[in-house]
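Encoded as structure tokens, the structure appears first; notes follow it.
The values are calculated or read from the model by the stated rules, or taken from the named source; none is laboratory data. Bear in mind that the values here come from a model prediction, so they are computed numbers and not experimental data. In this analysis, Cβ positions are derived from the backbone assuming ideal geometry, glycine residues included, and neighbour counts consider all displayed protein chains. Note: accessible area is taken over every heavy atom of the protein model, side chains too, but ligands, DNA and RNA are not part of it. Shrake-Rupley method; radii C 1.70, N 1.55, O 1.52, S 1.80 Å.
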Amino acid sequence: MIKDIKGLHHVTSMAADANDNNQFFTGTLGLRRVKKTVNFDAPEVYHLYYGDEVGTPGSVMTYFPFGRMPRGKRGVGEVGVTEFAVPKGSLAYWKDRLAKHDVQGLDEGTAFGEARLSFEGPDGDAFALVESEPQGRSPWTGADVPEEAGILGFHGARFALRDAAATGELLTYMGYQKAESEGALTRYIVEGGNAANTIDIEAVSGAPMANQGAGSVHHIAFAVEDRAAQLKVREALTETGYQVTPVIDRDYFWAIYFRTPGGILFEVATNEPGFDRDEDTAHLGEALKLPTRYEQNRAQIEKILPPLAF
Ligand code: ZN
């Protein structure tokens, strides 16, 4: 069994309009944009990263805004809900704030005894705010969200799967422990990790497979401390029969990817070197950062990318 997974590292989704995306995550949700770069495999598309002050692993929501992209169709075989942790007692504030920002799909509920507020992102993305203990985390305070309500990072994610068992087994192999069940939901928790440590699997029968598009999660990344731990994880997954990519340099972390039995694309990403490797913490996310191999094309890339309003 793998013992090096520390919870979530980041979640990467697809969007249509870059400015709508930037406005929603920095303005409406009050996260900090911690990196403005490009999709390393398609440099004509931004890769925007939002999180806490420094983009701590477990807090980082990232987007590829493709411009005119049709919305994804929700279904099974995908990350159904991405969940952010907010301080206890803050959901009333959020309900009011999100309504004022004309956010769609507001719905209060509870799961596993935790109060939650579901809402949609600009492309119909499925999110929830879940009241949680801070567990040592603190929100970005540079936006107009009061500190006592600010997003602390991820709480976890909810997978919508036709076959819950196979992915449940994989999570267990990755070091998660099966916890309680509630209706169609089963919770998995990784002990000794960061605070973004829950995955809930929702067993959904009879629903069509998801069709990815704007508003869909592209992949979900789990955190390991460093490259040595990542190699151990890669070896363990490969031995079990998973087809895992070679280690890829993403400038701010090292990444490996593999497709899971339920259809979700998993990544395992290192906590090193982090988002402040090429920018001062005070100015994270302000300048367009390009991987070295695209620097020679900077003028052309800057012409293609839509300017962000801020
Ligand atoms: Zn990723």
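Key figures
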| quantity | calculated |
| --- | --- |
| Percentage of interatomic Cα-Cα distances in region 65-206 larger than 19 Å | 55 percent |
| Sequence-distant residues sharing a close amide H with TYR46 (under 5 Å, placed H) | ASN39 |
| Kirkwood hydrodynamic radius over Cα pairs of region 146-199, then Stokes diffusion coefficient at 10 °C and 1.306 mPa s, in µm²/s | 128 µm²/s |
| Ordering of 97-104, 56-63, 79-86, 22-29 by burial proxy (mean other Cβ atoms within 10 Å per residue, highest first) | 56-63, 79-86, 22-29, 97-104 |
| Where the chain is the region considered: accessible area per residue in Å², 1.4 Å probe | 42 Å² |
| GLU120-LYS100 FRET efficiency (beta carbon distance; Förster radius 22 Å; 0.05 resolution) | 0.90 |
| Beta bridges by DSSP in the chain, antiparallel share as percent, to the nearest 5 | 65 percent |
| Gain upon complete extension [GLU147, ASN297; 0.36 nm per residue less C-alpha separation] | 50.0 nm |
| Dipole of the chain [Lys/Arg +1, Asp/Glu -1 at C-beta], most positive-end residue of THR56, SER205, PHE154 | SER205 |
| Share of carbon and sulfur in the accessible heavy-atom surface of the chain [1.4 Å probe, %] | 49 percent |
| Cβ-defined net charge surrounding TYR50, 10 Å radius [Lys, Arg +1; Asp, Glu -1] | +2 |
| Size descriptor, Kirkwood hydrodynamic radius, that averages inverse alpha-carbon separations across region 8-304, Å | 19.4 Å |
| In the chain, lysine pairs closer than 20 Å at Cα, eight or more apart or cross-chain | 9 |
| Fluctuation leader among ILE220, ILE248, ILE256 - the chain, Gaussian network, Cα springs under 10 angstrom | ILE248 |
| FRET E, pair ASP107, LEU185, Förster distance 22 Å, beta-carbon r, rounded to 0.05 | 0.90 |
| Cα gyration tensor shape of region 1-108, rounded if a/c is under 1.5, else prolate or oblate by comparing a/b with b/c | rounded |
